[in-house]
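The values are calculated or read from the model by the stated rules, or taken from the named source; none is laboratory data. The shown structure was predicted, so the numbers you read here are calculated from the model rather than taken from an experiment. With ideal geometry, Cβ positions are generated from the backbone for all residues, glycine too; neighbour counts draw on all protein chains shown. Areas reflect the complete protein model, heavy atoms only, side chains present, ligands, DNA and RNA absent. Shrake-Rupley method; radii C 1.70, N 1.55, O 1.52, S 1.80 Å.
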Amino acid sequence: MTDQTKNHLLEIKEIGQSIWMDNLTRNLIESGELKQMIESRGLRGITSNPAIFEKAIAGNVIYDADIEAGIRAGKSVLEIYESLVFADIRNACDIFAPVYAESKGLDGYISIEVPPTIANDTESTISEALRYYQAIGTAQGLPAVERVISEGINVNVTLLFSVDSYVETFWAYIRGLEARAAKGLDVSNIASVASFFLSRIDINIDGKIDEKLKNVTDISTKAKLEAVKGKIAIANAKVAYQKYKEIVASDRWQALAAKGAEVQRLLWASTSTKNPNYSDVMYVDELIGPDTVNTLPPNTVEACFDHCDVAPRIENNVAEAYSLIESLKDPDIDINLDKVMEDLLLDGIEKFVSPFQSLMDSLEEKVKRLAPV
């Protein structure tokens, strides 16, 4: 049974990690559930994406009145979508305002993505990020990160899988802050997170290992393959955290820190465990550490509240993490991690584009149905 004297989510906060939730719906806001979760579960922020909004909006009558208002105002389907989403995010921001104030701007954010259809268009990403920020805000793409940070916009850089991509993201953040500081502007009020995805890595690599195991009879080869199952995502994250520490120790970062700059925190994303043979909170327990964020879907929030084993483990077994990553090059394993990361990025963009398009289609159908004859 749960030890009701302990709130494991609040224990995590004491170690220096913020728990955000990967979910946002109007029902959650208007029912008072979000406010209650902030108070009882210690939520510090929200992440959202097109897939989340598709589930929230499609087929939900709670949005119909605003859709009808958008129709009367002559708005396009995209403009109606933005009006619905922006309203939800503004209202959620109001609920998180005390968290924002208490954390001095470190937490209390609601992250929204620019349209995934422009993921490979730097200029469009910049212009959309600037436009979104006038209402709310977030962005992706390294040149975009640098530019919008220099403009004073808080950024969640999402769909990061490889350590190299994360390192490039942090340096883009630093360049943006340096450009801002060079203009004599304040850098102490900028917050950024780098969303580093986890479970999708294990799903991909475990699938490759299972295929190899079908044709392997040698006991030692089987042991090598089994040894990396379900472990690469966490190992990869631990290596990323070591890179974070190296950058934070650099002269360039220290010069910004002296001006009051906040670090770009690693945010662990894709944290629901898909394999029932693994712990349902393994992407929480193994990656607790200071100056990080973990964004959890609602089920994982409740699972962690119930039975997370809280301890600062982000720097445990770091040498083993490097060895696990290196072991993928073993001829008996032979998994190209760079190729895996590249494939996951392309697939991740598609996983956002597809529901975004589906949402646009369902909204268009609803607009036709609700439009006056």
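Structure data summary
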quantity	calculated
Size of electric dipole in the range 143-216: Cβ of Lys, Arg +1 and of Asp, Glu -1, about Cα centre, debye, nearest 20	80 debye
GNM result for the chain, Cα springs below 10 Å: residue of Ile209, Ile15, Ile219 fluctuating most strongly	Ile219
Additional length obtainable on full extension of the chain from Arg90 to Asp64, 0.36 nm per residue less Cα span	7.5 nm
Listed residues Ile205, Ile190, Ile335, most fluctuating in the chain (Gaussian network, C-alpha, under 10 Å)	Ile335
Rounded to 10°, Cα long-axis angle of helix 219-228 versus longest principal axis of the chain	30 degrees
The chain, dipole about Cα centre (Lys/Arg Cβ +1, Asp/Glu Cβ -1), debye to the nearest 20	440 debye
Net charge contributed by nearby residues that have their C-beta within less than 14 Å of Val248 (K/R +1, D/E -1)	-1
Under 12 Å from Lys259, Cα to Cα: aspartates and glutamates that are on another chain or at least 8 residues apart	Glu178, Asp186
Solvent exposure ordering (accessible area, 1.4 Å, most first) of Ile203, Ile174, Ile95	Ile203, Ile95, Ile174
Sum of -39500 (n - 2.57) over DSSP H runs of 4+, divided by residues of the chain (222 nm, nearest 500)	-18000 deg cm²/dmol
Trp253 accessible area, assembled protein chains, probe 1.4 Å, Å²	10 Å²
Gain in span if fully extended, Ser220 to Val248, counting 0.36 nm per residue against the direct Cα distance	6.0 nm
Cβ charges +1 (Lys, Arg) and -1 (Asp, Glu), total dipole of the range 31-103, debye	120 debye
Partners for Lys55 among lysines (Cα-Cα distance below 24 Å; same-chain residues under 8 apart left out)	Lys35, Lys75, Lys274, Lys351, Lys366, Lys368
Highest-MSF residue in the chain out of Ile112, Ile149, Ile29 [GNM, Cα springs under 10 Å]	Ile29
Positive-pole candidate from Ala258, Val216, Val228, dipole of the range 192-303, charges at beta carbon	Val216
Sum of side-chain charges, Ser188 neighbourhood, beta-carbon under 13 Å (Lys, Arg +1; Asp, Glu -1)	+1
Free-standing Cys residues across the chain, given no other cysteine C-beta under 4.7 angstrom	Cys93
